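So the structure is just underneath, and the comments pick up after that.
The values are calculated or read from the model by the stated rules, or taken from the named source; none is laboratory data. Predicted model, so just to flag it, every value in this text is computed and none were measured. For neighbour counting, all protein chains shown are included, and Cβ atoms are generated from backbone atoms with ideal geometry for every residue, glycine included. Side chains included, ligands, DNA and RNA excluded: accessible areas come from the protein's heavy atoms. Shrake-Rupley method; radii C 1.70, N 1.55, O 1.52, S 1.80 Å.
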Amino acid sequence: MTRVDSALNLTRDADLRRRATKVIPGGMWGHMNVARLPPGYPQYFSQARDCRVWDVDGNEYVDMMCSFGPIILGHADPDAENAAAQQRSRGDTMTGPAECQVELAELLVDTLPHADWALFAKNGTDATTSCVTIARATTQRRKILVAKGSYHGAVPWCSPSLAGVTAEDRAHILTFEYNDVESLDRAAREAGSDLAAVLVTAFRHDARRDQEMPSAAFALAARRVCDNAEAALILDDVRAGFRIDMRGSWEPLGVRPDLSAWSKAIANGYPLAAITGNDRFREAAQQVYLTGSFWCEASPMAAAIATINKLKATNAIAVMEASGRRLREGLAEQARRHGLSLKQTGPVQMPQILFEDDRDFALGNQFVLETLRRGAYMHPWHNMFLSTAHGFKEIDRVLEATDGALKVVARSMGR
Ligand SMILES: *Cc1c(COP(=O)(O)O)cnc(C)c1O
């Protein structure tokens, strides 16, 4: 299992990448483009099971990314797969929705205290964009407050790249600093009587920086700003949803959103997003034209029902937290032993692991490449994700890889 002395064989991967550059702009797009990672990562995968993935050259890794969030019960979880397969065998993208659409809406309304209704779409971007539109339709106002650097999707009003984006696309988006009540109040004053919504992520999980949990004061202030202005508090739970709290990620803070956006882990890898809301926003949710050719696809909804029920029945969040804690404590001990300063931030089940004073992620890049060679797929600057398939045994395999990797990093620093 432990491969230490040689670089990975990635010949098949290299061949696919060569072919791709001719027919796909840049060879790959978006967040999964490994050109964003240090050279040495595979781009193409052939198989995935529980917490493991295999690249097209047959190299096996413990997957610490979980497909950037969608996998929460492990790859190819039998319960989610059976539910999807059974539904697919009867009908999937049909001329109208299947029964399971109503069942899933009922399950979400039962599970999420803030929700009186649910709607379904495909991507997290569909969900956040729909929440913004529903908030504007209800309030008849335009301004949306978002935290600087928070990711809400990949369309002009919120994309991190400004290529092809006009000033008009962003005309009514005002920003504040996450966890900074004063800057939130300032942005709300600027929006004045035109404030439609405050849009926040469950915690600060921006790439390339330490994560931050929301302070209670900040969450309460977001609720207060919206209440005072009769605006919508929109919780973007696309990334954290079902990993922090089954009732919604701000429920432990005692702050309920008006609208929530869900996707990623909701159907254990099947394409599905949900928009949930309370009764004040029901009428607008009905008036806004929300649809897509594949939005009523039934098998992802069946997978979502199986996924949510299994997460509840197995106390999944506590399981992921226990594994996450083992990883965090193990890494902290290794870092101390090797004389390195690691910053481990955010919830243990969604860890961000950065090196102190690591300009351009030079140490982080070296670290993840060394862990990759030792059979653990980690990310140098994006938060990672655990699933319930990451048991202690698998975490210990990762820790074996990180110990070897940290030793190499320490040696290269002369420690
Ligand atoms: C991933 C993500 C989105 C966008 O979801 P897609 O399914 O990629 O469109 C929106 N908000 C947050 C917080 C996300 O992590």
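Considering every alpha-carbon pair of region 78-313, the percent of pairs per 10 Å bin, from zero through the bin containing the longest distance, is 8, 33, 36, 18, 5, 0. Cα centroids of region 181-224 and region 131-156: 13 Å apart. What is the distance in Å between the Cα centroid of region 317-346 and that of region 7-70? Taking the Cα centre of each part, region 317-346 and region 7-70 sit 26 Å apart.
The relative contact order of the chain, computed from alpha carbon pairs under 8 Å that lie at least 6 residues apart in sequence, is 23 percent.
Relative to the longest principal axis of the Cα atoms of the chain, helix 316-338 runs at roughly 40 degrees.
To the nearest 10 degrees, how steep is helix 78-90 against the longest Cα principal axis of the chain, on a 0 to 90 scale? So the helix axis and the longest Cα principal axis differ by about 60 degrees. Peptides 12-19, 259-266, 394-401, ordered by how many other C-beta atoms sit within 10 Å of their residues on average, highest first, read 259-266, 394-401, 12-19. The ellipsoid equivalent to the alpha-carbon distribution of the chain has semi-axes of 35, 26, 21 angstrom, derived from the gyration tensor eigenvalues as √(5λ) and listed largest first. Legend: residue pairs Lys310/Lys393; Lys122/Lys312; Lys143/Lys312, Cα-Cα distance threshold 30 Å; pairs beyond threshold, Lys143/Lys312.
Per-residue ellipticity at 222 nm computed for the chain from its helices equals -12500 deg cm²/dmol, with DSSP H segments shorter than 4 residues left out and the rest contributing -39,500 (n - 2.57). Per residue, the average separation of C-alpha pairs within less than 8 Å and at least 6 apart gives region 78-313 a relative contact order of 33 percent.
Quote the relative contact order of region 1-140 in percent (integer), defining contacts as alpha-carbon pairs under 8 Å separated by 6+ residues.
Numbers: 89 pairs, mean separation 17.8, N = 140.
Rounded, it is 13 percent for region 1-140.
To the nearest 10 degrees, how steep is helix 392-412 against the longest Cα principal axis of the chain, on a 0 to 90 scale? Result, in degrees: 60. Within the straight-line cut-off of under 15 Å between alpha carbons, the aspartates and glutamates reachable from Lys148 are Glu177, Asp180, Glu182, Asp185, Asp206, Asp210, Glu212, Asp236, sequence neighbours fewer than 8 places apart in one chain being disregarded. With θ taken as phi - 60° and the Karplus curve 6.51 cos²θ - 1.76 cosθ + 1.60 applied, the whole-hertz 3J(HN,Hα) list for region 191-207 is 6, x, 7, 9, 6, 9, 6, 10, 10, 10, 7, 4, 8, 7, 10, 5, 5 Hz, x standing for glycine and proline.
Probe radius 1.4 Å, ligands and nucleic acids left out: which of Lys407, Lys343, Lys22, Lys312 has the largest accessible area, and how do the rest follow? Provide the component values of the computation, followed by the final result.
Numbers: Lys407 115, Lys343 55, Lys22 170, Lys312 90 Å².
Sorted descending by solvent-accessible area, the residues read Lys22, Lys407, Lys312, Lys343.
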